[in-house]
Amino acid sequence: MDYAKIAEEVIKYVGGKNNIRSVTHCATRLRLQLKDNSLRNEEALSDVEGVKGVFLSQTQFQIIFGSGTVNMVCDEVQKQLGSLDESQPEAETEEKKGNVLQRFVKMLSDIFVPIIPAIVAGGLLMGLYNVLTSNLIHGQSIISLYPQWEGLATAINLFSSAPFTFLPVLIGFSAAKQFDGNPFLGAAMGMIMVHPDLMSAYQIGVGEPPVWNIFGLHIAAIGYQGTVLPVLAVSWILANIEKRLHRVTPSWLDNLTTPLISILVTSFLTFTIVGPVMREAGNLLAAGITWMYNTLGAVGGAIFGLVYAPITLTGMHHSFIAIETQLIADSANTGGSFIFSTASMNNVAQGAAVLAVLALTKNEKMKSICSASGISALLGITEPAMFGVTLKLKYPFYAAIIGSAVGSAYLAATKTLAQALGAAGLPGFISMKPDHYLDFAIGLVLSMAVSFLLTVFFWKKYHLEEAEAGTEKKEKKETPAVTGTSEELFFAPAAGKVMPVTKSADEAFAAKAMGDGIAVDPADGTICAPCDGTVSMIFPTGHAVGLTTDQGTEVLIHVGIDTVKMDGDGFEALVKQGDRVAAGDVLIQADLDKIRAAGYNPQTMMIFPELENASVKVFEAENAKVGDKAAAVVR
């Protein structure tokens, strides 16, 4: 795989280097913050080698490459980009988009995603320790049969517990950085919270903690090993104190007094108020969720398994990390994590659905995507499977979430809980207690079998092979032939002046960077379908819509220039993805006065991205009406 070429194409199809504000990656996705999301070419990106799917999440454009590949591509993209100017005024506005819940989930994601490798390493080591010490062989453990391995088990136990014992250090560093504070001060606060002179949080209730007598105030010296909420709150307080001190402290004194006062004030707040309150809140949250799951039993498991994949699509599953870490760290009381068990059922169900498609499809490109993404899902990474296969075909996604619900219901009924974090899927055995292996295996088989069989059923019932190829059973319109060629007609999407896209006021569209087509100076804000077809995508901001005609031609209608920056204000989308539309149906209602008042040009483009072996004929008009012919794709 030529990573340099892939990176070059990615940069090209997202609008070039000058359109990229920042680039990062997670386990499977390349995450790009673009200055203008409308400049990206999703269809061209989908054809780039290694790309499993593309989508826009709030303001972040994400390209799915899969585990391992994304690291190499991201490194090469960063190398080709060099240094980027991330200090532009729009950056702050972009990050603040979305409602409060979306921003909170994104914050948790940004804090926990960087430390997941450390937690996973500790979790898998904990699973290995369980294998060595559990009574697996005729009621005896491996180390009792082979005493020479006892030292190895003891060492692995220490290695596995370290990330959880010193979890506040990891979270403190990551959270302080996220809150725009000094990450090393955040790590220092984490160290203070787990200092060995404090009584360990794991010994609460076992003995009396030491007490500090400070001017008559008695403070219990208890540590915060394995906690999550206390260190999140402490990091936020620390970062805000530090930022305010930077603003009011003279520069010659700043480096000395700001760290000192920040740590001193935050430390006292931690042990007197914030820490105890947030510790209790974390305990109540973990206990409450566990109680609810255990009380509802199989029904609770089925509901959680059913909604886990849709939750993953929103990104809200990242908020589970904080809860799951708390459940694992306090497994003596909680019993373990049902979240990991449910995630495993969801992942293998998605993988089984994809493998069913692999067995059924005749499309070679789809087979290629399925073979890689199906195995990836079984091993714990579902994004390529969901965005590349199951969501595209819709019914395999339904099959997968039903399979996940069935497997999760069984695990809930048998109270099968994870004792450690790890790869949620087939490798999940190592995160389970050995005496739960059989129930976990039965859950996996149920999830995969139901998902696979339902996918086969839906495939045959709804003729998904035809839907996949864009050849649904429907009567297609005949297009007039012209000297051995055919013309597919398209009508004006809006009333107004129609011209070739090369005359567009936007340089990128005029250069045909997104493809050939037309530009319309609209007389009003009613944007209509230029043809019969299906809505293939609708931008979250409502300023653009994609259609696929019955002949398979892709059409993009983009209302206004740079109007993505209006964040949906002034636009009302009247259709949704998957809707069937006829020529003349209203797609978008745009407020042209509001667009102009915001300083943007309402000129509307109708683009045919990546036409192969075809050309576009434009029917220019000064005063076209909706329904007048505006363009033809000539093949």
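The values are calculated or read from the model by the stated rules, or taken from the named source; none is laboratory data. This structure is a prediction, so every number in the text was calculated from the model and none was measured. Here Cβ is always computed from backbone atoms with ideal geometry, including for glycine, and neighbour counts include all displayed protein chains. Only protein heavy atoms, including side chains, enter the accessible area calculation; ligands, DNA and RNA are left aside. Shrake-Rupley method; radii C 1.70, N 1.55, O 1.52, S 1.80 Å.
Of note:
- Accessible area ranking (1.4 Å probe, heavy atoms, ligands and nucleic acids excluded), largest first, for Trp459, Trp236: Trp236, Trp459.
- Cα extents of the stretch 514-555 along the three principal axes, largest first (Å): 30, 23, 21
- To put it simply, the accessible area of the stretch 515-635 at a 1.4 Å probe is 44 percent carbon and sulfur.
- Net charge dipole, the stretch 552-624: roughly 40 debye, given to the nearest 20, about the Cα centre with Cβ charges of +1 for Lys and Arg and -1 for Asp and Glu.
- Here Tyr146 sits with roughly 110 square angstrom of accessible surface, probe radius 1.4 Å.
- HN-Hα J in Hz across the stretch 340-347 - Karplus 6.51, -1.76, 1.60, θ = phi - 60°, x for Gly and Pro: 5, 4, 5, 4, 5, 4, 4, 5
- Across the stretch 588-594, rounded Karplus estimates of 3J(HN,Hα) from the backbone phi angles (6.51 cos²θ - 1.76 cosθ + 1.60, θ = phi - 60°) give 9, 10, 10, 8, 5, 5, 5 Hz, Gly and Pro being marked x.
- By accessible area with a 1.4 Å probe, ligands and nucleic acids excluded, highest first: order of Val307, Val389: Val307, Val389
- Rh (Kirkwood; distinct C-alpha pairs) - the stretch 354-454, Å: 14.0 Å
- Less than 5 angstrom separates the built amide H of His25 from those of Arg31, all sequence-distant by 5 or more or on a different chain.
- Less than 5 angstrom separates the built amide H of Ile381 from none of the residues sequence-distant by 5 or more or on a different chain.
- For the stretch 368-407, the C-alpha radius of gyration divided by 2.2 N^0.38 Å, with N the number of residues, is 1.09.
- Based on Cα atoms of the stretch 543-635, Rg over Rh with Rh as the Kirkwood radius reads 0.97.
- Principal axis dimensions, the stretch 213-259 - Cα atoms, whole angstrom, descending: 37, 30, 13
- Leu34 long-range amide H proximity, modeled H, under 5 Å: Arg21, Phe61
- Per residue, in Å², the accessible surface of the stretch 191-284 once ligands and nucleic acids are set aside, probe 1.4 Å: 57 Å²
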